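Below you'll find the structure, written out as structure tokens, and then a few comments.
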Amino acid sequence: MAILLSERQARVHASWRDYLELTKPKVLVLMLITSLVGMFLATRAGVPWEVLVFGNLGIALCAGSAAAVNHVVDRRIDSIMARTLKRPVVNGRVSPAAALVFALILAVAGQVLLLHFTNELTAWLTLASLLGYAVIYTGFLKRATPQNIVIGGLAGAAPPMLGWVAVTGHLSAEPLLLVLIIFAWTPPHFWALAIHRKEEYAKADIPMLPVTHGEHYTKVHILLYTLVMFAVSLLPYAIHMSGMLYLLCAIALGGRFLQWAWVLYRDSRPHAAIKTFKYSIAYLFLLFIALLVDHYLLLNI
């Protein structure tokens, strides 16, 4: 089948919803939540409204830019996989050239906002994250190695660090620990989806771990990475970054994640892979909310 229509047809059929879809808005929302938490954890005073609004907007625009590039680079793969078959570039509603121009506009606008309303370090780190996802992961790692999501996951783990640096202007152990939590979370999160979509990745010739090493091997590694993630999630309490409320939430949420990883390993429930994937999203959201609530609870003690 033809992957794309002509650029003229794409302009006729494109709508603002198509361009919004290029930014992967559902993923963007989760990233912004972690960025917001990073901002609020960075200070015991309030976050200046300019940094809160325009800092997060700049981070969002750059993340959306990287996502739009991903749509263009992966359009052949997306045309094969059921979950991505209706994406705007695949269907020809947005041409590759128009998507790349859109990505460039988002990136420039995001960088301008970050330079004006936050600081140079935030802008440079955000740019590095953008290039890491759009160029290194999407353009090379995804097709080069079954460890693609482990290595490339660092770019997706950056938002809480970016939020922190937007407020403070410098790096420290705490934001790097937030990055480490998401970095450890990414493999079990994505490999669960990769098991669920194994046949599609194989058809698209993408070397995801379940395709290259089999489902059992992948399930073992999901369990091992979940154990690592659980241990890392306790470190904010260990370094006195958070208190008892966060510790209890991290244990409860991580324990549930471990339960799902074990269920997936044992194959003891139907559709365990996609259920593990869905829980992983809720886990990250709730864990960062627990960090935020605990932070303000400690301020009031």
In deg cm²/dmol, rounded to the nearest 500, the helical mean residue ellipticity at 222 nm of the chain, built from -39500 (n - 2.57) for every DSSP H run of length 4 or more, is -23000 deg cm²/dmol
For ASP205, ASP267, ASP78, the accessible-area ranking with a 1.4 Å probe, largest leading, is ASP205, ASP267, ASP78
Pseudo-spin-label distance LEU115 to LEU57, built 7 Å along Cα→Cβ, given in nm, is 1.7 nm
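Using every Cα-Cα pair within region 110-188, state what percent have a distance larger than 19 Å.
The calculated P(r) of region 110-188 puts 39 percent of pairs beyond 19 Å.
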Rounded to two decimals, the Debye log10 I(q)/I(0) of region 111-155 (Cα scatterers, no solvent) at q = 0.18, 0.21, 0.22 Å⁻¹ is -0.55, -0.64, -0.67
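Per the 1.4 Å probe, what fraction of the accessible area of the chain, in percent, lies on carbon and sulfur atoms?
Answer for the chain is 68 percent, counting heavy atoms of protein chains only.
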dims of region 53-207, Cα set, principal axes, largest to smallest, nearest Å -> 46, 34, 22
Out of ALA166, ALA82, ALA67, a Gaussian network model of the chain with alpha-carbon springs under 10 Å gives the largest mean-square fluctuation to ALA82
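State which stretch of the chain is the longest one without any exposed trypsin sites (Lys or Arg not before Pro), exposure meaning a DSSP loop state and at most 14 other Cβ atoms within 10 Å.
It works out to 87-301.
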One quarter of the C-alpha convex hull surface, i.e. the mean projected area of the chain in nm², amounts to 15.4 nm²
Computed for the chain: size of charge dipole around the Cα centre, +1 on C-beta of each Lys and Arg, -1 on C-beta of each Asp and Glu, debye to nearest 20, value 880 debye
Averaged over all viewing directions, the convex hull of the alpha carbons in region 172-300 casts a projected area in nm² of 8.1 nm²
Relative contact order as a percentage, region 14-171, C-alpha pairs under 8 Å and 6+ apart, gives 35 percent
On each of the three principal axes the extent of the alpha-carbon atoms of region 1-135, given in whole Å and largest first, is 56, 26, 25
The Cα extents of region 224-301 along the principal axes, largest first and rounded to whole Å, are 46, 19, 13
Going residue by residue through region 232-244, the Karplus relation 6.51 cos²θ - 1.76 cosθ + 1.60 with θ = phi - 60° gives ³J(HN,Hα) values, rounded to whole Hz and with x marking Gly or Pro, of 5, 5, 8, 5, x, 6, 5, 9, 6, 7, 9, x, 5
In debye to the nearest 20, the charge dipole size for region 172-300, taken about the Cα centre with +1 at each Lys and Arg Cβ and -1 at each Asp and Glu Cβ, equals 340 debye
In debye to the nearest 20, the charge dipole size for region 14-171, taken about the Cα centre with +1 at each Lys and Arg Cβ and -1 at each Asp and Glu Cβ, equals 580 debye
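The values are calculated or read from the model by the stated rules, or taken from the named source; none is laboratory data. Keep in mind it's a predicted model, so treat the numbers as computed, not measured. Positions of Cβ are generated from backbone atoms using ideal geometry, with glycine treated the same way; all protein chains shown enter the neighbour counts. Accessible surface areas use protein heavy atoms only, side chains included; no ligands, DNA or RNA. Shrake-Rupley method; radii C 1.70, N 1.55, O 1.52, S 1.80 Å.
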